[in-house]
Every structure is written in C-alpha cells, then in structure tokens.
Amino acid sequence: MTEPKPAHDPYRDWLRQRLGQELGVREAEQFIQGAVQRRGWAAMRALGPRDVVAVLQDVYKNMAETVGEGRADKWLQETSLDLARLAERVPMPVVTPAPAAAPKPAPLPVSWGRRAHDLPLMLARVHAEIATRSLGAIRSNPDLARLERAAEWDVQATAAEVRRWQTEDMLTKLRADHARIEVADQVASARAQAEVLELTVGEIEGLPEQHRGNPAQLAHTRLMLTQTRAFLDAFGPLVTLEEADTPLTMLKMDLQNAHFSLGVPLHPNVLRARHGLNFALWQAGDQGDHAPAVQDARNVLARAEAEAATQLKATIDAARAHQAALNQLARHVEELEARALKLAGMGGDPLSLARVRLEWRQARAAARIQANRMEEAVRLLEALVSDSGDFDAGSAAQ
C-alpha cells in the first residue's frame with residue numbers, strides 16, 4: 001500500500017532550502033533523494049529532525065572531501081544550530097490514519113509477570129499510540145482544529161518517551177557487555193600479578209638466608225600471592241583470556257556542542273513542556289500569552305530547556321574527559337608494548353619481563369574503562385539526535 005503524501009513537510013523544505021544555498025537547488029534535491037533511497041525510507045514520508053541529521057552527516061562527509069574539514073566543520077555547526085532552532089518551533093509532521101468506520105475493540109488487559117524494566121517501555125508505547133489516535137480524531141473534527149498543534153507536540157513528546165526507554169535498554173545491555181570485558185581485564189591483570197609475585201617469592205627464596213632482607217617483605221609477598229590466587233579461583237573460570245585481549249575501542253570523533261544541539265529541543269521533558277505550553281495556549285483562547293496558565297507553562301518550558309542543556313553539557317564534558325584520558329593511556333600502553341619487545345630482544349630476565357607485562361595489563365585495563373565510559377556517553381549523545389545507533393568512529397587494537 002502506498003504511503004500517503006504528507007500535507008506539509010517542513011523539515012524537508014528547510015533541508016532543501018539549506019542545501020540549495022551550498023549545492024544548488026537541483027543538486028540539493030538529488031542529494032536528498034539519494035539519502036532517502038540509501039536508507040530505505042519511504043519516498044513520500046515526511047522528514048523529521050533526526051532524519052535531517054542523517055542527511056547532514058552525509059553532506060558533511062562529502063564537503064570534508066571536497067572543500068576541507070575546516071569549512072565543513074563550520075558549516076555543520078551553523079546548520080546544526082539552525083536545525084535546533086527549527087525543532088523548537090515546528091513539530092515533526094505526523095500522518096494519522098483515516099478514522100475507522102467502526103471503533104476498534106478494546107485491547108485485552110495487560111498480562112502481569114513481565115520483567116519490571118520492560119514495563120516503562122510498554123507504557124510509553126501505549127501512550128504514543130493513544131497520542132497518535134487522539135491527533136487523528138482531532139484532525140477529523142473541525143471543532144477541535146485549534147487543538148491540532150498541541151496534539152502534534154503530544155505525539156512528539158510520547159514518541160520521545162519511547163526513545164528514552166529504548167535508549168536506556170540499549171545502554172543497559174552495552175554496560176553489561178562492558179562489565180564482562182572489564183572483569184576479564186581484571187582477571188588477566190591478576191594472572192600477570194600472580195606471575196610477578198611467584199617469581200619474586202622464588203627469587204627471594206633462592207637467595208642465601210643472610211641476603212633475604214626483612215622477613216616481613218617475603219611474608220607480605222606470599223600473602224599477596226595467596227590473595228591473588230583466591231581471586232583467580234573465584235573469577236578465573238568466568239572469563240577467558242581471549243575476552244581480555246579484545247582490542248580497545250578507540251572512538252575518533254569531534255565532540256562539538258553544536259553537533260548535538262538537537263539534544264535540547266528533542267529531550268522528552270522539553271517536548272512534554274512544549275506540549276503543555278501549546279495546550280495552555282489552546283485553553284487560553286483569546287487571552288493568549290496574557291493568561292496566567294500560559295505564563296506558567298512558559299516558565300516550565302524554560303526550566304526544562306535549562307535542565308536538558310545542563311544534562312547535555314555534562315554528558316559531552318564527560319565524553320571529552322574520557323576521550324582525553326583514553327588517548328593518554330593508549331599512548332602509555334604503546335610505550336609499554338615497545339618496552340616489552342625491547343626487553344625481550346635484549347634477553348631480559350623473567351621477573352623484569354613479568355613486571356612490564358603486569359604494568360601493560362594494568363594500563364590496558366585502565367584504558368578499557370575510559371574507552372567503555374566514552375562509548376556509553378557517545379551512544380547516549382547519538383541517541384538524543386539521531387534514529388541510528390551508528391556513529392562515526394574508528395577502532396584500533398592496543
């Protein structure tokens with residue numbers, strides 16, 4: 001069945017006009033059509049802000065190759081900010097089905113016994129479906145025409161709430177995967193530490209008694225060895241060495257605020273507050289902005305935007321901090337690898353080699369934690385502004 005063509009498509013119109021300034025009108029239209037076809041989108045479907053982000057990323061890559069990254073970066077930042085301003089004013093167009101001749105039967109009661117963390121997503125999906133149906137009913141009733149804009153924002157808000165819980169589910173699974181690899185790193189580090197301690201004990205015991213030094217040093221080393229073996233007995237069977245040798249994820253990306261500027265207008269709390277404002281305007285009628293309820297709704301919206309901006313900045317700052325720490329630790333890991341190769345080539349003693357391997361494992365484990373935290377932050381940022389879980393990142397083994 002052919003999807004109906006939307007009555008208006010403001011985001012496609014904005015994108016066509018914006019790209020036309022840079023590429024020319026004809027080339028802009030061809031570029032948009034190509035992006036739609038590559039992603040398998042329905043040709044007649046109205047574009048939303050997240051769809052536009054995907055097309056802008058394509059344009060950015062093309063511009064970076066033709067005019068250089070400097071100009072492409074500036075263009076993308078300016079365009080992203082303009083898109084964010086558009087998203088503050090215009091909800092994504094929603095095509096509602098024609099009202100059914102006969103009312104749909106009431107849904108069956110929800111069966112309990114589901115996992116607790118499934119329920120918020122189920123609830124959010126029900127609210128999104130109800131909001132879409134309500135919008136369709138409002139559009140079919142001329143007496144409710146003035147309520148259409150508020151209902152459109154309600155659809156946006158409920159859809160964003162669905163994305164919120166889908167993102168939370170994605171992050172939960174990602175964190176679980178990261179936790180397993182981080183445990184594997186700790187086990188590998190413990191094995192390297194056990195090797196160092198065993199060689200140290202053997203070296204001390206091999207010395208004449210008068211040269212062994214303080215007896216407490218040997219006793220403490222034996223105690224540490226016992227504790228390390230106990231840790232390995234408990235956690236060693238849970239992971240494999242191959243898991244610890246998984247290459248580090250090195251994300252190569254520019255964490256500029258403008259690239260994620262849609263994170264504020266598309267935040268679920270902001271969209272809910274914007275729906276509240278439009279609903280208050282509908283109720284106020286001719287009073288408009290002078291109505292106390294409208295002024296209260298504007299204050300609620302301003303607070304929601306400020307809180308969303310603070311959360312976005314905190315997430316970006318955290319990702320930048322993890323990125324900086326990761327780059328520093330990755331260089332240290334490379335230095336230790338080179339030192340180990342050099343020491344082995346010079347015929348270094350087993351204890352010296354074991355100590356370098358232990359330091360390498362510990363540095364690698366620390367780098368892994370920074371890489372994982374950065375990936376989690378980046379995935380969250382991407383989920384705020386795009387429908388795709390992909391992000392422009394490269395990987396390198398350390």
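The values are calculated or read from the model by the stated rules, or taken from the named source; none is laboratory data. Quick caveat, the model's predicted, so the values are computed rather than measured. Ideal geometry is used to build each Cβ from the backbone, glycine not excepted, and the neighbour counts take in all protein chains shown.
General observations
- Remark: residue 365 falls outside the filter, which requires a residue to be small (Gly, Ala, Ser), modelled with pLDDT under 95 and touching an Asp or Glu at 6+ places or on another chain (Cβ under 9 Å).
- Residue pairs whose Cβ atoms lie under 6 Å apart, separated by 6 or more positions or on different chains, with the first residue in segment 226-237 and outside the structural domain of residue 182 (by TED's automatic domain parsing) and surrounded by 14 or more Cβ atoms within 10 Å (Cβ to Cβ) and the second assigned to a helix (DSSP H, G or I) and not polar (S, T, N, Q), do not occur.
- For residue 218, the conditions (1) under 20 Å from residue 363 (Cβ atoms); (2) surrounded by 15 or more Cβ atoms within 10 Å (Cβ to Cβ) are fulfilled apart from (1).
- Selection from segment 231-269 of residues that are of a type in the set (Val, Ile, Thr) and in contact with an Asp or Glu (Cβ under 7 Å, 6 or more places away or on another chain): 249, 264
- Subset of segment 35-52 (residues that are surrounded by 21 or more Cβ atoms within 10 Å (Cβ to Cβ) and in contact (Cβ under 8 Å) with a residue 60 or more places away in the chain): 49, 51
- Note on segment 15-24: residues that are modelled with pLDDT of 90 or more, of a type outside the set (A, V, I, L, M) and either crowded, with 19+ Cβ neighbours inside 10 Å or not in a helix (DSSP H, G or I) (or both) total 1.
- Taking segment 168-209 as the range and being more than 15 Å from residue 364 (Cα to Cα), hydroxyl-bearing (Ser, Thr, Tyr) and buried (at least 18 other Cβ atoms within 10 Å of the Cβ) as the test, only 200 passes.
- Subset tally (residues that are hydroxyl-bearing (Ser, Thr, Tyr) and either free of Cβ contacts under 8 Å to residues at least 60 places away in the same chain or touching a Gly at 6+ places or on another chain (Cβ under 6 Å) (or both)) for segment 238-252: 1
- Only one of 194, 179 that is over 30 Å from residue 308 (Cβ atoms), small (Gly, Ala, Ser), without any contact (Cβ under 8 Å) to a residue 60 or more places away in the chain and in the same structural domain as residue 279 (by TED's automatic domain parsing): 194
- Residue in segment 321-339 that is part of a helix (DSSP H, G or I) and more than 32 Å from the chain's Cα centre (by Cα) present: yes
- Every pair of residues 6+ apart whose Cβ atoms lie under 6 Å, when the first sits in segment 339-366 and is in the same structural domain as residue 204 (by TED's automatic domain parsing) while the second is polar (S, T, N, Q): 358/193; 361/189; 362/189; 365/189
- Number of the exception - residue 347 against (1) surrounded by fewer than 20 Cβ atoms within 10 Å (Cβ to Cβ); (2) assigned to a helix (DSSP H, G or I): (2)
- Single unsatisfied condition, residue 256 versus (1) touching a residue at least 40 places away in the same chain (Cβ under 8 Å); (2) of a type outside the set (A, V, I, L, M, F, W, C); (3) touching a Ser or Thr at 6+ places or on another chain (Cβ under 6 Å): (3)
- Qualifying positions in segment 262-288 - under 20 Å from residue 85 (Cβ atoms) and among the charged types (D, E, K, R): 272, 274
- Of the helices (runs of 4 or more DSSP H) lying entirely inside segment 212-304, those containing at least 2 residues that are closer than 30 Å to residue 144 by Cβ and in contact with a helix residue (DSSP H, G or I) (Cβ under 9 Å, 6 or more places away or on another chain) span 268-284.
Results for (1) modelled with pLDDT under 85; (2) more than 29 Å from the chain's Cα centre (by Cα); (3) not in a loop (DSSP other than H, G, I, E, B), shown as yes or no for each residue.
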residue: 7; (1), (2), (3): yes, yes, no
residue: 26; (1), (2), (3): no, yes, yes
residue: 36; (1), (2), (3): no, no, yes
residue: 52; (1), (2), (3): no, no, yes
residue: 85; (1), (2), (3): no, no, yes
